[in-house]
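**Q** Dropping the structure in here first, questions after.
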Amino acid sequence: MHFKLIIAFVEDDKTDLVLDTARDNGAKGATVINNARGEGLKQTKTFFGLSLETQRDVLLFLVEEHLSRHILEKIAKVAEFDNKSGTGIAFQIDVEDAIGVTRQVLELNQEIEDKL
């Protein structure tokens with residue numbers, strides 16, 4: 001089984017929405033890294049050295065490759081990445097090898113058998 005890693009940088013108030021959407025569309029779990037910072041086309045504004053930007057979370061989803069594009073599109077829609085500037089980004093990368101995903105593979109195999 002081949003996997004992709006979806007990496008999403010989202011506003012912290014949308015983290016739960018993105019997690020739920022990914023799970024509803026086939027993701028079996030996620031890793032959340034809180035309090036990330038980023039900078040886009042425009043520099044962040046500060047006030048006495050404090051950033052005025054909202055906090056971001058980094059979400060990591062290791063998903064089966066055939067589900068990855070669908071999940072990526074769904075989370076981009078609910079997080080409004082293309083509608084508003086500065087709401088976040090998501091992308092996927094190939095995973096050459098993964099260890100510790102035996103239970104995920106068993107669950108995915110069961111789902112595929114149930115659909116057939």
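The values are calculated or read from the model by the stated rules, or taken from the named source; none is laboratory data. Computed from a prediction, not measured in an experiment: that's the story for all the values here. Note that each Cβ is placed from the backbone with ideal geometry, even for glycine, and that neighbours are counted across all protein chains shown.
**Q** Pairs please, first residue from the stretch 5-16 and buried (at least 20 other Cβ atoms within 10 Å of the Cβ), second anywhere and among the small types (G, A, S) and not in a helix (DSSP H, G or I), Cβ atoms under 7 Å, 6+ apart in sequence or on different chains.
**A** Listed pairs, sorted by first residue: I6/A90; A8/G88; A8/A90; V10/G88.
**Q** Of the conditions (1) within 21 Å of T102 (Cα to Cα); (2) at pLDDT 95 or above; (3) part of a helix (DSSP H, G or I), E73 clears all except one; give me its number.
**A** Unmet for E73, out of (1) within 21 Å of T102 (Cα to Cα); (2) at pLDDT 95 or above; (3) part of a helix (DSSP H, G or I): (1).
**Q** Condition test on V95, is it surrounded by fewer than 19 Cβ atoms within 10 Å (Cβ to Cβ), of a type in the set (A, V, I, L, M), at pLDDT below 90 and at negative phi?
**A** no
Yes/no matrix, rows are residues, columns are (1) among the basic types (K, R); (2) farther than 22 Å from E64 by Cβ; (3) modelled with pLDDT under 95; (4) under 10 Å from the mean Cα position of the chain (by Cα):
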residue: M1; (1), (2), (3), (4): no, no, yes, no
residue: I6; (1), (2), (3), (4): no, no, no, yes
residue: V10; (1), (2), (3), (4): no, no, yes, yes
residue: D13; (1), (2), (3), (4): no, yes, yes, no
residue: D16; (1), (2), (3), (4): no, yes, no, no
residue: A27; (1), (2), (3), (4): no, no, yes, yes
residue: V32; (1), (2), (3), (4): no, no, no, yes
residue: A36; (1), (2), (3), (4): no, yes, yes, no
residue: E39; (1), (2), (3), (4): no, yes, yes, no
